[in-house]
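First comes the structure, then the notes that go with it.
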Amino acid sequence: MITQTADIVVIGAGPVGLMCGYLGQLSGLKTVVVDKSEKPIDVGRADALNARTLQLLEVVDLFKDLYPLGKPCNTSSVWADGKFVSRQSAWWDQLEGTFHKHFLMLGQSYVEKLLDSKIKELGSAVKRLTTVDNIEINQKGCLTTLSNGDKIQSSYIIGADGSRSFVRELFKVPFEILRPQIVWAVIDGVVETDFQKVPEIIVFQSETSDVAWIPREGNIDRFYIRMDTKDFNIEDALAKINRAMQPHSLRFKHIEWFSQFSVKESVAENFFVNDRVFLAGDASHVHSVNGGQGLNTGLADAFNLMWKLSLVLKNVASKNLLHSYEDERKPVAQSVIESSGELVRATKFSTSGTHAQDYVRIVQKRAGNITGMGIRYGSDGLIGTRLFDQEVTSDGTKTRLYSLLDYTKFTLLVFGDLKKNLNVPEFVNVIQIKDDSVYANQAILVRPDSYIHSVGRLDQMEILLNTLSL
Ligand SMILES: Cc1cc2nc3c(=O)[nH]c(=O)nc-3n(C[C@H](O)[C@H](O)[C@H](O)COP(=O)(O)OP(=O)(O)OC[C@H]3O[C@@H](n4cnc5c(N)ncnc54)[C@H](O)[C@@H]3O)c2cc1C
């Protein structure tokens, strides 16, 4: 017996499933999120939000809650034998069209807890301590049977259930995993050291480059230590840190999290199956943590997917739009695997013995992925590029462009005179900007996820709106 109906059932309340749930609720969709865990994580896992994530958080009103909790960081430095070698931040400083040219160092638990509480406030708390027994595709969509016996009939399913995804397995989506035999230890805690502490990502060059020091929120620091074996304990990891930092030394006054992970690399063959089931986040792509791209890429999946589902469920767009999720996100996932893969291998292999410097050079080369600001959909001029943020005057008030965007709608930005009697669909906001701008004298139609959908001259607004037969 069906006990509940919903537009979307999201399996997994990690950051990606929670974001899908939140964006669904914002868009007025009935969204049910299910998770086997009791609560959001308290410690560990991802440690950085990139610049693109920060922009998107601003659009959906989460930025102001998270930003003050974290620590901005835009510098990577290299040290060897206790001596400073180099310091770089050019790839952040040179970013255009953003007010946040840095990572925000902030633990994943803060993101999960905020989203979990927002979903609760919006009236659809995560169903916790609940797993999924089965998902059946039927004429109306998907029938999900939960471990408590409930059956939910929904139009769509999102599998955001992590790297060992039940949903991916159930629908037999190929996920061939490459294991490059690289094992990391990670320690979060409060350190005591005679090395001068700076809020920079520090990569230590010794025989190879196997220790990285990552600043975190509050008084927490993180160390990644490449161990090259699964058989180690915390003393072994601490010994490696101290060897890399010589002649300085370091100890942990308090350890908040100690874990190990073996690098796995894979992209799911499909992100959308049976025209009903989506995979997002780690369920669809896994890779090394180098470059801090896992959480950020997963959140970008959610931002890409939820507006499309919303427009289709409201019969504003045709179901074909849903295929663009896989078309757009799978190549991004592949590029993320390449960049994190190049980084992690550089910590171990270097023909010149300059692993740490090589590492920072690769960060610079792959900055588009790492900052999130180089991601674009398609290769046609401005179309598919992220909208540049900028100071603008709207209705006589100075503000920033991104604060005017609304995730539940397209936005027609008119950088000049607005045509009268424009026939505007209900799901489009029109905003006139009179300030000087990189987009001056153009009309720009922006997608809900802040990528440019189409561009025209000011006398082409009607034509632009016609491109919205999605
Ligand atoms: C040590 C470490 C460091 C990392 N550092 C970074 C970093 O610096 N930056 C970065 O961007 N990323 C980082 N990551 C990666 C990041 O943590 C993941 O990419 C991110 O958690 C993926 O989110 P997700 O929601 O897709 O999956 P998950 O966070 O894995 O969430 C999946 C959820 O699904 C639930 N679930 C699973 N199966 C079921 C089921 N059958 N039924 C119900 N619920 C289910 C789980 O309980 C879980 O809550 C790191 C990861 C690790 C391990």
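The values are calculated or read from the model by the stated rules, or taken from the named source; none is laboratory data. Since we're looking at a predicted model, the values are computed, not measured. Virtual Cβ from ideal backbone geometry, glycine too; neighbours counted across all protein chains shown.
In the set Gly149, Gly159, which member is modelled with pLDDT of 90 or more and exposed (fewer than 15 other Cβ atoms within 10 Å of the Cβ)?
Gly149
Here is a list: Lys39, Lys113. Which entry is in the same structural domain as Phe303 (by TED's automatic domain parsing) and in contact with a Pro (Cβ under 7 Å, 6 or more places away or on another chain)?
Of the residues listed, the single one that is in the same structural domain as Phe303 (by TED's automatic domain parsing) and in contact with a Pro (Cβ under 7 Å, 6 or more places away or on another chain) is Lys113.
Would you check if there is a residue in the range 278-287 being under 27 Å from Ser206 (Cβ atoms), modelled with pLDDT under 95 and buried (at least 19 other Cβ atoms within 10 Å of the Cβ)?
Within the range 278-287, one or more residues are under 27 Å from Ser206 (Cβ atoms), modelled with pLDDT under 95 and buried (at least 19 other Cβ atoms within 10 Å of the Cβ).
Any idea which of (1) within 16 Å of the ligand (Cβ to nearest atom); (2) surrounded by fewer than 19 Cβ atoms within 10 Å (Cβ to Cβ); (3) farther than 21 Å from Gly291 by Cα is the one Ala6 doesn't satisfy?
(2)
Are any residues in the range 1-28 modelled with pLDDT of 95 or more and part of a strand (DSSP E or B), and if so, which ones?
Of everything in the range 1-28, those that are modelled with pLDDT of 95 or more and part of a strand (DSSP E or B) turn out to be Thr5, Ala6, Asp7, Ile8, Val9, Val10, Ile11.
What is the number of the single condition among (1) of a type in the set (Ser, Thr, Tyr); (2) more than 16 Å from the ligand (Cβ to nearest atom); (3) farther than 26 Å from Tyr156 by Cα; (4) out of contact with any Asp or Glu (no Cβ under 6 Å at 6 or more places or on another chain) that Ser27 does not meet?
Every listed condition holds for Ser27 apart from (3).
Look through Glu342, Glu338, Glu269 and report the one residue that is more than 16 Å from the chain's Cα centre (by Cα), acidic (Asp, Glu) and not in a helix (DSSP H, G or I).
After ruling out the rest, the residue left standing is Glu269.
Which ones in the range 73-102 are out of contact with any Lys or Arg (no Cβ under 7 Å at 6 or more places or on another chain), crowded, with 19+ Cβ neighbours inside 10 Å and in a loop (DSSP other than H, G, I, E, B)?
Selection gives Thr98, His100, His102.
Here's a check for you: in the range 29-72, which residue that is outside any loop (DSSP other than H, G, I, E, B) and of a type in the set (Gly, Ala, Ser) is nearest to Phe388 (Cα to Cα)?
Per the stated criteria, the residue is Ala51.
If Gly162 passes every condition in (1) out of contact with any strand residue (DSSP E or B) (no Cβ under 7 Å at 6 or more places or on another chain); (2) among the small types (Gly, Ala, Ser); (3) outside any helix (DSSP H, G or I); (4) more than 13 Å from the ligand (Cβ to nearest atom) but one, which one does it miss?
(4)
Out of curiosity, is Lys172 of a type in the set (D, E, K, R), more than 15 Å from the ligand (Cβ to nearest atom) and either in a strand (DSSP E or B) or in contact with a strand residue (DSSP E or B) (Cβ under 9 Å, 6 or more places away or on another chain) (or both)?
yes
May I ask you to say which residue of Gly44, Gly149, Gly141 is out of contact with any Leu (no Cβ under 8 Å at 6 or more places or on another chain) and near the ligand (Cβ under 10 Å from one of its atoms)?
Gly44
Looking at the range 352-381, which of the residues that are among the aliphatic types (A, V, I, L, M) and part of a helix (DSSP H, G or I) is modelled with the highest pLDDT?
Ile370
Select, from Ile158, Ile119, Ile135, Ile152, the only residue that is within 21 Å of Asn296 (Cα to Cα), touching a Cys at 6+ places or on another chain (Cβ under 9 Å) and of a type in the set (A, V, I, L, M).
Ile158
Here are some residues: Ser288, Ser335, Ser339. Which one is in contact (Cβ under 8 Å) with a residue 24 or more places away in the chain and either in contact with a Ser or Thr (Cβ under 8 Å, 6 or more places away or on another chain) or charged (D, E, K, R) (or both)?
On inspection, the qualifying residue turns out to be Ser288.
Please determine, by comparing only the residues of the range 109-138 that are away from the ligand (no atom under 15 Å from the Cβ) and within 20 Å of Ile2 (Cβ to Cβ), which one is surrounded by the most Cβ atoms within 10 Å (Cβ to Cβ).
Ser124
Of the conditions (1) crowded, with 16+ Cβ neighbours inside 10 Å; (2) in contact (Cβ under 8 Å) with a residue 40 or more places away in the chain; (3) over 30 Å from Glu342 (Cα atoms), Gly456 clears all except one; give me its number.
(2)
Out of the range 163-199, which residues are within 30 Å of Trp307 (Cβ to Cβ) and either among the aromatic types (Phe, Trp, Tyr) or surrounded by fewer than 20 Cβ atoms within 10 Å (Cβ to Cβ) (or both)?
Answer for the range 163-199, where residues must be within 30 Å of Trp307 (Cβ to Cβ) and either among the aromatic types (Phe, Trp, Tyr) or surrounded by fewer than 20 Cβ atoms within 10 Å (Cβ to Cβ) (or both): Ser163, Arg164, Phe166, Glu169, Leu170, Phe171, Lys172, Pro174, Phe175.
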